[in-house]
1. If you scan region 1-57, which residues turn out to be in a strand (DSSP E or B) and either modelled with pLDDT under 85 or under 30 Å from Thr67 (Cα atoms) (or both)?
2. Please go through region 7-47 and pick out each residue that is polar (S, T, N, Q) and surrounded by 10 or more Cβ atoms within 10 Å (Cβ to Cβ).
Amino acid sequence: MAPEKEQPLARSLGAFFGHIVDAIASDPDAPKGARTEVRRRTEEEQRPDGVILRRTVIEEVVLPPGTPAPKAPSAD
């Protein structure tokens with residue numbers, strides 16, 4: 001295969017500023033689908049040097065728009 005040809009500088013700059021304009025014009029609070037948190041787990045570890053290491057794992061389900069949220073699992 002032939003190597004891909006590099007884009008001209010003007011096109012690259014146009015694409016760059018186009019991404020910036022899209023970011024400014026977009027609504028960050030727009031609904032992107034329902035997110036339901038399924039599980040959250042936090043672990044803490046105290047290291048000998050006094051540093052506390054905290055790990056948080058959040059599991060979510062992302063549903064398409066218009067889909068009802070499932071029931072939360074029971075904590076057994």
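The values are calculated or read from the model by the stated rules, or taken from the named source; none is laboratory data. Source: prediction; values computed, not measured. Reconstructed Cβ throughout: ideal geometry from the backbone, glycine too, with neighbour counts over all protein chains shown.
1. Ala34, Arg35, Thr36, Glu37, Val38, Arg39, Arg40, Arg41, Thr42, Thr56, Val57
2. Selection gives Gln7, Ser12, Thr36.
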